[in-house]
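Please treat every number below as a calculation from the coordinates, not as lab data. Every value quoted in this text rests on a predicted model; they were computed, and no experiment measured them. Neighbour counts are summed over all protein chains in view; Cβ atoms, including those assigned to glycine, are modelled from backbone coordinates with ideal geometry.
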Amino acid sequence: MNATTASNQAYIKVLQDTVMAASLNYDVWWTYTQHRLRVRFLDILNAYPTFFRTSIHAHFVALVVALYRIYETRSDTFNLPGLIQRLKSQGILPAKVLAPIERRVSNSRKLWIKVSVLRNEAFAHRTSAYSVSDVFRKAHVTPNELRDLVRKTQQTLNKISYALNHSRHTFSLCAVTDTKAMLADLKAFRAQRSRLTIRRRAHSQRVKR
C-alpha cells in the first residue's frame, strides 16, 4: 500500500467514524422522542425528567454537530467536499466515476444547509435574534430528513471506498435495541420496587395489628 492510498483510507475512516457517531446518536435521540415509545415509557421519562431532558438534548446536539462536520468545507478538517477535492487533485479516479459521487455530495449539502442552521444558530453560537424554537422552524428540518442524510452519507462513503479499492463499510452498529432495553429494564425495576414497597407496607400494617 503506497502513502497516497494509506492516507486516503485514513481520511475515509475518519468520515466513517463521524457518520457512525451521527447514526448512533440519532438512534438514541429518536428512540427517546418518537411518539409510540414515549407513550410506552412515559412513566420512566417522567420519573427521571432531568436526566432524559439532558440526554435527549445531548444526543441531538451530537447528531447535528457530526452531520455538520461531514459536509463543511473547511480545508483544515475532515469532510466530504474536502475528500472529493483531494481525489480530484490526485487524479486516481476517472471523471466519469467521480462526477456522480460529487453530485451526490452536492445534493446532500442541500439538506445539510438545514443542519447548519441548527448548528450555527441554535447550538454552536446561539444567535440572540431567535429563540431555539424559532431556529428549528427556520431550519424546517424533520427527523426523517436527518435519518436520510445519515444514510445517504453512508452510501456515498461506500461508493467512494468501492471506487478506490472495491471495499464497503457495513455500518452495522445500532443503538436502538440497547436504548429500548435500558428503558424496559428501568420500567421493570420500578415495577419491582413498587411491588416491594406495597408488600412492606402490608407487612407493617399486619405487624401493627
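Among 171-183, 76-88, the peptide with the highest mean count of other Cβ atoms within 10 Å heads the list, and the full ranking is 76-88, 171-183. Counted residue by residue at 0.36 nm each, then reduced by the alpha carbon distance between them, the extension gain from residue 138 to residue 188 reaches 14.0 nm.
Pairs exceeding a 28 Å alpha-carbon distance, out of 110/159; 138/159; 13/114; 88/138; 13/187; 96/138: 138/159; 88/138; 13/187; 96/138.
Available extension along the chain between residue 3 and residue 77 is 24.7 nm, counting 0.36 nm per residue and deducting the alpha carbon span. Using Cα atoms only, what is the angle between the long axis of helix 3-33 and the major principal axis of the chain, expressed in degrees (0 to 90) to the nearest 10? Approximately 30 degrees, to the nearest 10. Farthest towards the positive end of the charge dipole of the chain, among the residues 191, 87, 73, is the Cα of 191, using unit charges on the Cβ of Lys, Arg, Asp and Glu.
Take every Cα pair under 8 Å in the chain that's 6+ residues apart, average their separations, divide by the length, and report that relative contact order as a whole percent. Relative contact order comes out at 28 percent.
Computed from the C-beta positions of residue 180 and residue 46, the FRET efficiency with R₀ = 25 Å rounds to 0.90.
Would you please classify the overall shape of the chain from the alpha carbon gyration tensor, given that a ≥ b ≥ c denote the square roots of the eigenvalues, rounded means a/c under 1.5, and beyond that prolate means a/b larger than b/c while oblate covers the rest?
prolate
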